[in-house]
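Student: Quick one: the structure is below, and I'll ask about it shortly.
The values are calculated or read from the model by the stated rules, or taken from the named source; none is laboratory data. Computed from a predicted structure; not experimentally measured. Virtual Cβ from ideal backbone geometry, glycine too; neighbours counted across all protein chains shown. What goes into the accessible areas is simple: the full protein's heavy atoms, side chains included, and nothing from ligands, DNA or RNA. Shrake-Rupley method; radii C 1.70, N 1.55, O 1.52, S 1.80 Å.
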Amino acid sequence: MAMVFHPIINDTEVYRPVKYFVTARPWLDLYGTRIRPVAQSYQIELDPSLLHRKLSEDILHEIFMRLSPYTLGKASCVCRKWRYAIRNPVFWRLACLKTWQLHGVEGNRKILTQNYGGSWRKMWHHRPRLRFDGIYVSRNTYIRAGVAEWKVTNPVHLVCYYRYIRFFPNGRFLYKNTALRLKEIAKTMNRRATKENIYGGRYTLAQSQVDAAVVYPGLRPTVLRIRLKIRSTTPGANNRLDLLLLVTSGLDDIEVSTDEEILSSVENWEEDESHNPNVPAVTHKKGLAPFVFVPFEEVETSVLNLPVDTMDFYLPG
């Protein structure tokens with residue numbers, strides 16, 4: 001193996017001086033010098049809105065907690081600050097649990113995670129639901145021939161009648177079939193309606209389908225079975241109910257005739273089934289106009305209040 005010898009280097013060659021470039025550092029001259037701070041006025045930025053200056057965020061949150069979901073939607077159009085505040089999931093969680101309270105908390109959470117990515121607000125806008133802040137109205141008309149008296153041609157009459165349904169979150173609804181217009185009947189469609197021929201029933205909601213039943217009491221008790229489908233003219237409106245099935249059947253004296261248990265009693269009935277031979281089952285094919293939703297604040301001004309001679313026809317769309 002060959003050996004390699006390196007020459008010996010003197011210490012003077014290792015530690016020879018090196019020239020450095022020195023840059024100017026004027027801040028070093030400030031060492032040991034006391035500098036008095038310059039007085040500056042800091043102006044606090046105030047919210048230009050008088051409402052925001054008077055109401056704190058906590059108070060606004062408490063106010064929003066007491067508003068209905070539809071009022072929250074209108075409030076979000078006031079300003080950008082309100083819009084971001086109303087996007088808080090707490091508001092929409094309360095709205096969803098109240099609207100679909102028949103499914104329970106756990107059932108709603110399961111649907112939330114499976115279909116809506118955990119967003120309560122998305123669930124509120126996209127999941128079919130019944131609206132409780134107004135009345136669903138179905139306007140139906142038919143032509144009836146009149147009696148000819150000293151005339152060559154027989155007169156005809158255009159008859160108009162309405163079906164009214166108001167739903168409640170607890171699974172109960174009110175139903176009335178009458179010729180009275182909307183503004184005349186809206187005040188009587190409340191939770192304590194026990195007269196004016198307003199009948200209470202029960203409903204269930206599965207996806208967009210509504211199954212409901214109501215009992216007409218009397219000497220021959222009759223059950224009215226209704227099947228509806230929810231749809232919207234604009235996204236999230238849920239302002240239409242298409243009438244899919246309308247059947248009247250008879251009840252016997254033993255069956256329960258209260259609105260709390262009638263829906264479970266007729267749940268598995270056939271379409272033409274009747275438990276009273278004197279009251280056969282009748283499937284109605286006429287008067288199946290879709291239900292139109294009218295909020296309470298629009299009851300007095302709704303076009304549905306117009307008389308027949310003013311509104312010759314009405315297409316709910």
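Student: Of everything in region 239-258 that's buried (at least 19 other Cβ atoms within 10 Å of the Cβ) and in a loop (DSSP other than H, G, I, E, B), which residue is modelled with the lowest pLDDT?
Tutor: Once the filter is applied, the top-ranked residue is LEU251.
Student: Does region 280-301 hold any residues that are open to solvent by 20 Å² or more (accessible area, probe 1.4 Å) and more than 15 Å from CYS160 (Cα to Cα), and which are they?
Tutor: Residues satisfying the conditions are PRO280, ALA281, VAL282, THR283, HIS284, LYS285, PHE296, GLU297, GLU298, GLU300, THR301.
Student: Further question on the same structure: Examine region 141-148 for a residue that is small (Gly, Ala, Ser), farther than 22 Å from MET65 by Cβ and open to solvent by less than 40 Å² (accessible area, probe 1.4 Å), and state whether such a residue exists.
Tutor: Step one: of region 141-148, the residues small (Gly, Ala, Ser) are 145-146, 148.
Still in the list and also farther than 22 Å from MET65 by Cβ: 145-146, 148.
Of the ones still in play, those that are also open to solvent by less than 40 Å² (accessible area, probe 1.4 Å) are 146.
Within region 141-148, one or more residues are small (Gly, Ala, Ser), farther than 22 Å from MET65 by Cβ and open to solvent by less than 40 Å² (accessible area, probe 1.4 Å).
Student: Scan region 100-110 and give yes if some residue there is within 16 Å of SER208 (Cβ to Cβ) and surrounded by 17 or more Cβ atoms within 10 Å (Cβ to Cβ), otherwise no.
Tutor: Initially, region 100-110 is screened for residues within 16 Å of SER208 (Cβ to Cβ), giving 100, 102-103.
With the extra rule that they be surrounded by 17 or more Cβ atoms within 10 Å (Cβ to Cβ), the set shrinks to 100.
Within region 100-110, one or more residues are within 16 Å of SER208 (Cβ to Cβ) and surrounded by 17 or more Cβ atoms within 10 Å (Cβ to Cβ).
Student: Turning to a different aspect of this structure: Hey, could you check region 154-190 for residues that are part of a helix (DSSP H, G or I) and touching a helix residue (DSSP H, G or I) at 6+ places or on another chain (Cβ under 8 Å) and say which is nearest to GLU300 (Cα to Cα)? Write out each step before concluding.
Tutor: Filtering region 154-190 for residues part of a helix (DSSP H, G or I) gives 182-188.
Narrowing the set further to residues that are touching a helix residue (DSSP H, G or I) at 6+ places or on another chain (Cβ under 8 Å) leaves 182-183, 186.
Values: LEU182: 8, LYS183: 5, ALA186: 9 Å.
Looking at residues that are part of a helix (DSSP H, G or I) and touching a helix residue (DSSP H, G or I) at 6+ places or on another chain (Cβ under 8 Å), I get LYS183.
Student: Now for a different question. Taking THR222 as the residue in question, decide whether it is of a type in the set (Val, Ile, Thr) and open to solvent by 70 Å² or more (accessible area, probe 1.4 Å). Steps first, answer last, please.
Tutor: Details: of a type in the set (Val, Ile, Thr): yes; open to solvent by 70 Å² or more (accessible area, probe 1.4 Å): no.
So THR222 fails the test.
Student: If you don't mind, there's one more thing I want to ask. Six or more apart or on different chains, Cβ under 6 Å: which pairs go from a residue in region 224-244 that's on the phi > 0 side of the Ramachandran plot to one that's among the hydroxyl-bearing types (Ser, Thr, Tyr) and open to solvent by 40 Å² or more (accessible area, probe 1.4 Å)? Could you list them?
Tutor: Here the result reads ASN238/SER232, each pair linking region 224-244 to a residue that is among the hydroxyl-bearing types (Ser, Thr, Tyr) and open to solvent by 40 Å² or more (accessible area, probe 1.4 Å).
Student: Would you point out the residue of region 54-99, among those that are under 19 Å from PHE168 (Cα atoms) and assigned to a loop (DSSP other than H, G, I, E, B), that is most open to solvent (accessible area, probe 1.4 Å)?
Tutor: Top of the filtered list is ARG66.
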